[in-house]
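Student: Please find one structure pasted underneath; my questions will follow.
The values are calculated or read from the model by the stated rules, or taken from the named source; none is laboratory data. This one's a predicted model, so the numbers in the text were calculated from it and none came from an experiment. Positions of Cβ are generated from backbone atoms using ideal geometry, with glycine treated the same way; all protein chains shown enter the neighbour counts. When the accessible area is computed, the model is the full protein with side chains, heavy atoms only, and any ligands, DNA or RNA have been set aside. Shrake-Rupley method; radii C 1.70, N 1.55, O 1.52, S 1.80 Å.
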Amino acid sequence: GSVNLSTLAWLGADAAIGLVVDNTGLDGLSAPNLTLVVGGLTVHNNNEIEQLDLGALETVGWDLTIDDDERLALVHLESLQTVRGLVLQNLPGVSILDLQSLDATVWGLEIIRLDALSTLSLGQVQSVGGYLRIQEAPSLSSIQMPLLASVGQDARFYILDRLETLSVPVLSSVGGAFVLTLGGDLEILALPELSSVGETFTVSSNQALL
């Protein structure tokens, strides 16, 4: 079955746990008019869920976590602008991820183990307040973040077997470490504006860069 919350426009739970969908037998969750979650939103360990429609969601006051949903194929987040932290992890069926409206995360941005994801465009993201982690996405060939200027802590790009393009042309500061390891077919790493890295700068095991 599925849950349809088509009339829900906002969720006002002022806490980290605002809405949790955890270990259910649902095959879909639809909240197409939900624009605001004051607290957090978690969709976790739902083995049957195939579609998540949050296409009108603009703001999540705490963290948005979608993880360990093995059959999830469609995720609608195209209106999301601001979130404290965004974690998308262990979603092997997600091949398209539309985050075209996201402009900032107060804390972190983590995209980990999305096996089918081929391209990632974060065209409006200007800053990541905490960690930026894009890793273990074996089909990912292109990462485009044309407006990203700063990362508050580590920026890690790790085990991206087919990566050909990593575009962060205006990135100027990383508060922690910058790490690019096992970057697939990436031949050129251009960081023309990078002037400050708070910890280590590591580029390793990237054969095409040699």
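Student: For the range 79-106, how many residues meet the condition of being open to solvent by 50 Å² or more (accessible area, probe 1.4 Å) and in a loop (DSSP other than H, G, I, E, B)?
Tutor: Number satisfying all stated conditions: 8.
Student: Among the strands (runs of 3 or more DSSP E) contained in the range 110-210, which hold 1 or more residues that are over 26 Å from residue 63 (Cα atoms)?
Tutor: Here the list reads 165-167, 178-181, 201-204.
Student: What pairs come up if the first residue lies in the range 47-65 and is surrounded by fewer than 23 Cβ atoms within 10 Å (Cβ to Cβ), the second is among the basic types (Lys, Arg), and their beta carbons are under 7 Å apart, counting only those six or more places apart or on different chains?
Tutor: 47/71; 48/71; 50/71; 61/84; 62/84; 63/84
Student: How about the range 158-199: which of its residues are crowded, with 18+ Cβ neighbours inside 10 Å, at pLDDT 95 or above and not β-branched (Val, Ile, Thr)?
Tutor: 171, 175, 176, 178
Student: Can I ask one more? Go through the range 39-63 and count every residue that is of a type outside the set (S, T, N, Q) and more than 15 Å from residue 98 (Cα to Cα).
Tutor: Qualifying residue count for the region: 12.
Student: For the range 15-30, state whether one or more residues are at pLDDT below 90 and at positive phi.
Tutor: Taking every residue of the range 15-30 in turn, at least one turns out to be at pLDDT below 90 and at positive phi.
Student: Considering the range 141-172 alone, what residues qualify as being under 17 Å from residue 98 (Cα atoms) and under 13 Å from the mean Cα position of the chain (by Cα)?
Tutor: Listed by number, the residues that qualify are 143, 144, 145.
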